[in-house]
Amino acid sequence: MSETLKRRIRTRRAKVGILGLGYVGLPLVVEFVRAGFDVTGFDVVASKVDALNRGRSYIPDVPSSAVRSALKRKRFRATSNFDLLAGMDAVSMCVPTPLSKTRDPDMSFVESASREVAARLHRDMIVVLESTTYPGTTREVLAPRFQAKGVVVGRDVFLAFSPERIDPGCWRRGGSGSGRTSSSRSRRSAWTRGTRSTASGTRRRSSAGSPRPARRWPPSSTGAPWTA
């Protein structure tokens, strides 16, 4: 990671973007705000964006008071304008990977979200894939797309894989337990240090967990949505 990016993270001047404001993305928003970062949440569902900007949460893990506090402190905004990704220093992709009938993850959401990021990529940006998928996705899917924009991954921009583990409806008390692997933790530690979860109950999902609901995501810079 570049010294410029490290310095922005250490001083909490790094702008954080969260793609996907569901049961993974929204709790992550709250934790980064608590750690002192300015956060922009991206989602294509207008009703979600409107609810959050009015201080209303639709995720059981996140009380509306936490959203209102973030808004009052001017640390958070929700938007459907993906052009604002160009102003982010760190981006977490929290898009769904619903399982197919053969129990394989549907990668179309990750691929389309990565195109949105690639279209607005800039030097000294770190992109973290949070979606549950197979090891190697960053190298096989994200890295080639980013390098096609004329940047060198690992020098100009940076990638990390830190899959969430959440099982909707399965509550486990006491601890943040995000299910990070040791390698993922070490690669993300520089910009996630200090964002420890304070939730009393965290839902987990194994890599072979239940399929997630279908969701819309813009497949290209045109913003045209589709449903998986």
Anchor K6: aspartates and glutamates whose Cα lies under 14 Å away (excluding residues fewer than 8 positions away in-chain): D89, D124, D156
Here region 47-64 yields Karplus 3J(HN,Hα) values (6.51, -1.76, 1.60; θ = phi - 60°; whole Hz; Gly and Pro given as x) of 5, 5, 4, 5, 4, 5, 5, 9, x, 10, 9, 10, 10, x, 5, 10, x, 4
Taking a crude spin-label model, label points 7 Å out from Cα along the C-beta direction, the K149 to A119 distance in nm is 1.1
Which of rounded, prolate or oblate describes region 9-69 when judged by the alpha-carbon gyration tensor and an a/c cut-off of 1.5? prolate
Cα centroids of region 43-122 and region 1-28: how far apart, whole angstrom? 13
For region 1-106, what does the alpha-carbon gyration tensor say about shape, rounded, prolate or oblate, given a ≥ b ≥ c as the root eigenvalues, a/c under 1.5 as rounded, and a/b over b/c as prolate? oblate
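Rule-based calculations on the coordinates, nothing more; no lab input. As the structure is a computational prediction, the values presented were derived from the model and not from experiment. All Cβ positions, even for glycine, are placed from backbone atoms using ideal geometry, and neighbour counts span all protein chains on display.
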